[in-house]
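The values are calculated or read from the model by the stated rules, or taken from the named source; none is laboratory data. What you are looking at is a predicted structure, and each value in this text was computed from that prediction instead of being measured. Using ideal geometry, Cβ is built from the backbone for each residue, glycine included, and neighbour counts are taken over all protein chains shown.
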Amino acid sequence: MNDERLAQTFVELADTLVDEFDLVEFLHILVDRCVELLDVSAAGLMLADSRGRLQVMASSSENIRLLELFQLQNDDGPCLDCYRAGEPVDHPDLATAEDRWPRFAPAAAGAGFRTVHALPMRLRAQIIGAFNLFHADPCQLDRSVTQIGQAMVDVATIGLIQERSLRRNETLIDQLQTALNSRVLLEQAKGVLAERHGINPGEAFTLLRNYARRNHHRLTQLAAAVVDGSTTAAELLSTSAAAPPD
Amino acid sequence: MTEASQVDRIWDAITAHAGALGVPVSVHTLCQTAADGLPVTGVAVAMSGSFLVSELICATGPLSRQLEELQLTIGEGPTLEVLAGTGAILIEDLDAPAYQARWPLFAPQAIDIGARAMFVLPLRIGAIRGGVLALYVDRPGRLGAKDLAAAWVYSELALELLLDEQDGIVTQEGQSTSYRHSETRPEVHQATGMISVQLGISVGDAFTRLRARAFADDRPLSEVAIDVVARRIRFDHEDTR
């Protein structure tokens, strides 16, 4: 593992947490960096809503997003077990995990994943979600890897209860509700772009995210502007392509 | 999993209340159940109206009705701000200088009427703003974490009941809420965005059209949404009535 890159990542995450903080974007940075630093194939993050239902908040790729959704829809898989037990759940070879997860294990293998590692997102006594690392090969994840993974999960949890929200007299549950609603808004914006450009929702997300980054917009605000029509899809495409480097 | 059972508990309380009164489950029975179950003086649900700034759907007790009407009359207050798109507004004490400064007309008058604490939660689905759930208390103080979590559950159920009422779906005592869980699938929201472009309408109207289609075809909402995203179903102006 590259220690320098790891240190940079924590600085980057800490920077994201200051003003104009966008939780959805923050969680996406987190899963991307985990894939890069922990040398895993994919990562996904789920949060629980006020009813205790898990929702996919961020994923490093579209196929991992679908696999996370598959777990939720089939009520079967390591992330759910991890969330319910509040303990890490792992399996070194999903090809032999059909007894444990009769629906998830074949689906994961079909998607090209052999190892899973699910870490709980814990805030004091409360479990607020689960973070999942996947590997394409059967392997035992190194202890140092899972420790860094857990540290990053803890940073994500801090992101949810950042000081700004406390000053505004919000509580964790309000933050979670806002975050989950931002995710819904993002899906609506993806639909708007997908229809306007004849692209799929995954491509629409890439378009949104690249534009937000290049122009220093908050992802959630950009999604809102796309849905209400104040940022047009054409604008998004043209500026995205022509954005000056900075 | 304690939170999931909290939903069941709240839903059971609402349906039991409706059953005792011999009426269908509605936003009204939800407000009454919330007023009984939470340490508050009054509960109101207001919707974003098309002409009015807000439309009061129900209110328990005279205090909550007066407070909602006051905000409509003077054009300021937390309900209107939450309807306009902010997150939840939680006010421990309306008499605090910050709130007196923020709402110079509303805050003193609200205290005159008898309110001291207010907790206003948005009813929303992404960009769709359905309304608010407002809780009023006649003394200052925070709403505890457990009660606040319950309030969010009430707000989610209120939105579902409002949508059902809009679609003409009537819920009787004993009916489970489980069929609604499919609404959390992302395709539902992606399809909503797509339909809004296909028909040139707002996402709120697009969501109504999607639900109406699922209801008319007697199919789960998520299935219809998946077909829209896969471009097997398209909404055209021709079927606009």
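Observations
- Residue list for segment A:58-77, filter: aliphatic (A, V, I, L, M), away from chain B (no Cβ under 11 Å) and in contact with a helix residue (DSSP H, G or I) (Cβ under 8 Å, 6 or more places away or on another chain): A:Ala58, A:Leu67
- With respect to the stated conditions, B:Gly174 is more than 8 Å from chain A (Cβ to nearest Cβ), in contact with a Ser or Thr (Cβ under 7 Å, 6 or more places away or on another chain), at positive phi and at pLDDT below 85.
- Candidates B:Asp36, B:Asp8, filtered to the one that is within 14 Å of another protein chain (Cβ to nearest Cβ) and either more than 29 Å from B:Gly114 (Cα to Cα) or modelled with pLDDT of 90 or more (or both): B:Asp8
- Taking first residues from segment A:148-161 that are more than 14 Å from A:Ala118 (Cα to Cα) and partners that are surrounded by fewer than 20 Cβ atoms within 10 Å (Cβ to Cβ), the Cβ contacts under 6 Å between residues at least 6 apart in sequence or on separate chains come to A:Val155/A:Leu13; A:Thr157/A:Leu123; A:Gly159/A:Leu17; A:Ile161/A:Leu172.
- For segment A:201-225, the set of residues classified as surrounded by fewer than 21 Cβ atoms within 10 Å (Cβ to Cβ) and within 8 Å of another protein chain (Cβ to nearest Cβ) consists of A:Ala224 only.
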